[in-house]
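First up is the structure itself, then whatever we jot down about it.
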Amino acid sequence: AGLSKHFPARRGLFGGDHGVVRAVDDISFSIDNGRTLGVVGESGCGKTTTAKLVLGLETPTAGAIRFDGRDLAGLDAVGRRHYRKSVQAVFQDPFASLSPRMRISAIIAEPLITNEAVTATDVRRRVLELLDLVGLPQRSADLFPHEFSGGQRQRIAIARALAVSPKLVVLDEPVSALDVSIRAQILNLLRDLQDRLGLSYLFIAHDLAAVAHMSHEIVVMYLGKIVEAGDARTLARHPKHPYTQALFSAALPSHPEERREEVVLAGEVPSPLKPPAGCRFHPRCPHAMPRCAQAAPALIQVEGRMVACHLYGT
Ligand code: SF4
């Protein structure tokens, strides 16, 4: 809740200015057990920083992360170890994330050996179970990563993430590096695993079709702020914020009965070092009004979701 992450800007970065990059600026969200929260936005909108905060790889500048009702900042060493075990990740590039010199059995077993007191027999049994779970043959255990395709490597990365029976898995662009033809297979595997194991997912992606397919709830971020949040189907079908409308109109074909205009986004995402005053989206917004450049809109409830836009409310 109220999460912020600011980074000091180095000289020369973002046009030579000094200052602070507000990568994530006062955002709040929650993920219920067995649910998927999708986080979307263009590059530089704060998605990856959000993932790192949840994984404990970055410390928030302000705000708190609560897990099972407990504040992460107040955990002792045992609590932190438990958290690190309970929250695992699958990253974008299965080619980079698997060590080329390790056998698959050692890759999958690594988090297990690090986090639990296990015998070699337990480890072998668990590795074979995990390979079954992700749809790979048991003989894969003795092979090396280069002997697998991209989709198979992502299955191995998923098996490794599940080795310590996490509750939450952060999926950071998990299919973006894969061939289009196998993306659906991996997404379906992830959904199947969620149903079978009761997993929660934080699904981070710029692929709107994948996010809409996978998520129960969606958070749309722009320059470190949440601009719209709510039920995935509602947001995909009836987006309210002009930025969400632009993202979804470009990504998802409208239902014939729900035709809507395609909104084309002009320009690039501005520098997070000097975000525009007022509504951060105003330089690119087709509906911008004079007050949009002066006052930042509050996140308010509109027709069953939260929106930050002066077009709504008073
Ligand atoms: Fe566009 Fe104004 Fe709404 Fe921002 S507040 S999204 S500029 S209409």
> What tally of residues in the range 59-80 results from selecting those that are modelled with pLDDT under 90 and under 20 Å from Ala161 (Cα atoms)?
Replying inline: 1
> Among the residues of the range 113-148, how many are modelled with pLDDT of 95 or more, surrounded by fewer than 17 Cβ atoms within 10 Å (Cβ to Cβ) and not in a helix (DSSP H, G or I)?
Replying inline: 4
> Looking at the range 298-314, which of its residues are within 10 Å of the ligand (Cβ to nearest atom) and in contact with a helix residue (DSSP H, G or I) (Cβ under 9 Å, 6 or more places away or on another chain)?
Replying inline: Val307, Cys309, His310, Leu311
>> Can you tell me which residue is modelled with the lowest pLDDT among those in the range 87-112 that are under 19 Å from Lys52 (Cβ atoms) and outside any helix (DSSP H, G or I)?
In response: Asp93
> Which one of these does Val39 not meet: (1) part of a loop (DSSP other than H, G, I, E, B); (2) under 16 Å from the mean Cα position of the chain (by Cα)?
Replying inline: (1)
>> Looking at the range 230-241 only, could you name the residues that are in contact (Cβ under 8 Å) with a residue 24 or more places away in the chain and either assigned to a loop (DSSP other than H, G, I, E, B) or crowded, with 24+ Cβ neighbours inside 10 Å (or both)?
In response: Leu235, His238, Lys240, His241
> Of the residues Arg84, Arg160, which is in a helix (DSSP H, G or I), closer than 19 Å to Leu193 by Cα and out of contact with any Ser or Thr (no Cβ under 6 Å at 6 or more places or on another chain)?
Replying inline: Arg160
> Residues in the range 244-252: is at least one within 9 Å of the ligand (Cβ to nearest atom) and either assigned to a loop (DSSP other than H, G, I, E, B) or modelled with pLDDT under 95 (or both)?
Replying inline: no
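The values are calculated or read from the model by the stated rules, or taken from the named source; none is laboratory data. What you see is a predicted model, and the numbers here were worked out from it, not measured in a lab. Every residue, glycine as well, gets a Cβ built from its backbone with ideal geometry; the counts of neighbours run over all protein chains shown.
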